[in-house]
Every structure is written in structure tokens, then in C-alpha cells.
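Here the structure is laid out as C-alpha cells; the discussion comes afterwards.
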Amino acid sequence: MNLSSESIKKKAIQLGFQKVGIVSADRTDKQKADLENWLEHGYHATMDWMSRRMEERGNILTYFPKARSIIAVGMNYYVGKDQTDLESDLKFSNYAWGDDYHDILKSGLFKLLSWIKENEPDVKGVVCVDTAPVMDKVWAQRAGLGWQGKHTNLISRDYGSWLFLGELILDVDLEQDSPFTEDLCGTCTACIDACPTHALDEYQINAGKCISYLTIEHRGSFPEDQNDLNSWIYGCDICQEVCPWNEKFSQLSHERSFLPRKEIKNYNNDNWVAIDEDVYRKLFKGSSAKRTKFVGLKRNIEQNSNRIN
Ligand code: B12
Ligand code: SF4
Ligand code: SF4
């Protein structure tokens, strides 16, 4: 390989990523065992897609047998606003305020792959952002980007946890970075204490109880003991909002497309209640919030009717 890890990382930063590290595509037996344990407990709730490709998730060499190196990236999505900047009492997670992060990160990673191929035409690469059967947080930690906090999200020293993660997996060897081995949560338990549905145990989540799961991934009506969405109509940010690493170290993102769409910012309670499918389609074109579909969003709004006047 003619390219150095240093030059690849420099290019990734130029392409808009804030965090980048490189690690070899080794087995992840401990994390695979953790994943199996998590699935055995049924903590994935109805997310059968988590168990279906478990072997690939737990071992990157099952997913991409020729994998040698992983370039793990993080993109800051903190835009300096919070739920109080939204007009409505209904809450909408900041990660889905703007354009779909999958498209933005994938576009950057494909550009990085093209640039690498200009120098090394035979290199094969696979781009992953969230939806591939790959454990994004595990690779980010191994590549030195940060640690998995007690709320289970990856936290970096310099940006907190408002980071989207992705990988470019390559079939060539590269010089590696050191893993992030510290756990900087210490004795803090702010996220666990603040979670209104008690979805968190230390470093583990019971997704079936998590409002993010309920509002985005769950289909149909809610189980009777898990139907309080605490005003959230899409996702939930509470455990990250209370994290001291975010309070102290968040930095403003330069990515303008993560800013809230004007409707998300300006809609009042009545606008959300009145939303119909045509408006929904226009408003969420090119947004990751499409995942819950119109019926899901409508259900979430109705479920919160006791929270609005
Ligand atoms: C499934 C999933 C969900 C599920 C389950 C969440 C979860 N923590 O797994 C639900 C729908 C609830 C969800 C919600 C959210 N998600 Co999500 N989700 C995923 C997905 C697709 C897979 C994650 C996974 O593998 N889970 C399986 C379990 C086993 O993993 P885990 O919780 O990380 O478990 C580890 C720990 O339990 C650890 N462990 C177990 N015991 C112990 C003990 C100790 C001492 C330690 C240290 C560790 C440890 O081992 C496990 C394996 O490493 C990833 C994308 C991807 N492909 O990786 C995005 C991802 C994790 N999600 C993301 C985001 C942004 C969110 C939300 C913030 C969105 C929102 N605002 O609503 C919330 C956060 C909720 C939360 N507190 O986690 C980002 C997180 C970015 C970051 N900085 O970490 C990811 C990486 C997507 C991306 N590419 O950017 N998500
Ligand atoms: S996203 Fe919300 S419901 Fe889910 S673990 Fe965090 S605080 Fe709890
Ligand atoms: S709130 Fe505290 S315990 Fe939770 S992730 Fe942040 S530092 Fe760790």
C-alpha cells in the first residue's frame, strides 16, 4: 500500500469527519459474547434484524472475509440547540433534525474510498454506516475514538457523544492506532438515573424499555407497561443530554445539514397533531426520521396527547 495511515486520516478529516482511527480487522470474541448474551436476554425486543445476522455482527470476517483494516470515523452532529429551542411541547431527537446522516457519512466514506483507489486501484472496500451488520461502537473504540459510556453510546473526550459513527473496511494492511482503553464514566450514573423508563443498567440497555426503540423501531400499539413516551415523538436524547461529557465538551458541528428543518423547529402542538401523510412525506424527504413511517409518527403523537394542551 503506497498510502500511509496518516495521509488517509488527513483526507478523512478534509472530507468532513472529526474523528478517525485505523484498526486491524481482528476477531471480536468478547463483544460477540456480549451481543449473544444481550440477545438471549431478549433486550433487542422486536428487532429481529439484530439476531438474524448475529454471526456477521459478532465477527467482521464473516461479513467481509477479506477484511484487513478498518477505518473508523465519527461525525459531530451537535448544532448548539436543544429541545427548548423547539416550539412544541413534543420532543424530537436531535439526531434526526436535519438530513439523513446515513447519506452524509456514506457519501464521505465513498469519497475516501475513491481517493484511496486513485492511488491503489486494486483495493477493495466496504462502506458501513449503522445499517450494515457491523458493531459501529466496538470498532470506534478499538480505533481509539472513545469509550462506550454507561448509556452504551460511544463518547469521545473532545466532542462528547453527539457523534455519528461509520467505517470503511479495506482488504489491505495499514498502520494501526491504539484502542481507547480508559473508561471515563468513573462513578457517574447521571444517564442511568435520568432515564425515565429505567432502560439502562451499567453499560447495557434493555431496548424494549427505551423510548428511542419504542418511537422508532416498535410497530403497532405499545405494551401497557411501556406506553409512556415522556413527550418524545421520535427518538430520545435524555441519557446524552445529562451526560457531563456532553455538557462540557460538545462542540458546534460545521455540517449545516444537521440543523433542524424549519418545521421541526417551528411546529406547535396543533401542527403535529394535524400532520397528514402528504405533509409528512414532504417534511421528512431525505430524513432518517422516515424510519418510523407516517403511521408510527402519528401513533407517537397520539400517545403523547396527555402531554399537550
Ligand atoms: C440496535 C441499535 C439501537 C437500539 C439499541 C441500542 C443499543 N445500545 O444497542 C435502539 C433502538 C434502542 C437504539 C437507540 C439509539 N441509538 Co442506536 N443503534 C443500534 C445499532 C444498529 C446496533 C447497536 C448494537 O450492536 N447493539 C447491540 C448491543 C449488544 O450493543 P451495545 O449496547 O453497544 O452493547 C455493548 C455493551 O452492552 C457492552 N457491555 C456489556 N456488558 C458490559 C460491561 C461493561 C463493564 C462494559 C464496559 C461494556 C459492556 O457489550 C456490548 C457489545 O459491545 C447501532 C449501529 C451499529 N450498526 O452498530 C446504532 C447506534 C448505536 N445508535 C446510535 C444512536 C445515535 C442512537 C440514539 C442516540 C438515537 C436517539 N437519539 O434516539 C439512541 C441511543 C439509545 C441508547 N442509550 O443506546 C449511534 C450511536 C453513536 C454513538 N456515539 O455511540 C449508532 C452507532 C448508529 C451510528 N452509526 O451512528 N439504537
Ligand atoms: S434514549 Fe431515553 S429511554 Fe433510551 S436509554 Fe436513553 S434516556 Fe432511556
Ligand atoms: S452520564 Fe455519566 S455514566 Fe452516563 S455515560 Fe455520561 S459520564 Fe458515563
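Structure above, values below:
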quantity: Any cysteine of the chain lacking a neighbouring Cys Cβ under 4.7 Å - listed by number; calculated: CYS128, CYS185, CYS188, CYS195, CYS210, CYS236, CYS243
quantity: In order through the stretch 5-16: 3J(HN,Hα) via Karplus (6.51 cos²θ - 1.76 cosθ + 1.60), integer Hz, x for Gly, Pro; calculated: 4, 4, 5, 5, 5, 4, 5, 4, 5, 4, 7, x
quantity: Ordering of 215-224, 139-148 by packing [mean C-beta count within 10 Å, highest first]; calculated: 139-148, 215-224
quantity: Using alpha-carbon coordinates, inclination of helix 293-303 to the longest axis of the chain, degrees; calculated: 50
quantity: Full-extension gain in nm, SER24 to LYS282, via 0.36 nm per residue minus C-alpha separation; calculated: 88.6 nm
quantity: Over the chain, relative contact order from alpha-carbon pairs under 8 Å, at least 6 apart, %; calculated: 25
quantity: Length gained when the stretch ARG52-ASN2 is fully extended (0.36 nm per residue, less Cα-Cα span); calculated: 14.2 nm
quantity: Quotient of Cα Rg and 2.2 N^0.38 Å for the stretch 163-289, N being how many residues it contains; calculated: 1.34
quantity: The stretch 94-99 - phi-based ³J(HN,Hα) in whole Hz, Karplus 6.51/-1.76/1.60, Gly and Pro as x; calculated: 4, 5, 10, 6, x, 6
quantity: Packing-based order for 163-169, 297-303, using average beta carbon neighbours within 10 Å, highest first; calculated: 163-169, 297-303
quantity: Separation in nanometres of the label points that stand 7 Å from Cα toward Cβ, at ASP270 and PHE222; calculated: 2.6
quantity: Cα-based helix-to-principal-axis angle, 29-40 vs the chain, degrees rounded to 10; calculated: 20
quantity: Extension gain (nm, one decimal) between ARG307 and VAL123, 0.36 nm per residue minus Cα-Cα; calculated: 60.8 nm
quantity: Out-of-range pairs (alpha-carbon distance over 29 Å; input LYS81/LYS285; LYS32/LYS124; LYS117/LYS262); calculated: LYS117/LYS262
quantity: Trypsin sites (Lys or Arg not before Pro) restricted to the stretch 65-117 and DSSP loop, no more than 14 other C-beta within 10 Å; calculated: LYS66, LYS81
quantity: Kirkwood Rh and Cα Rg combined as Rg/Rh, the stretch 122-192; calculated: 1.03
quantity: Global form of the stretch 19-136, assessed from the alpha-carbon gyration tensor, a/c cut-off 1.5; calculated: oblate
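Each value in this text was obtained by applying a stated rule to the coordinates, not by laboratory testing. Source: prediction; values computed, not measured. Don't worry about glycine lacking a Cβ; one is built from the backbone with ideal geometry, like all the others, and counts go over all protein chains shown.
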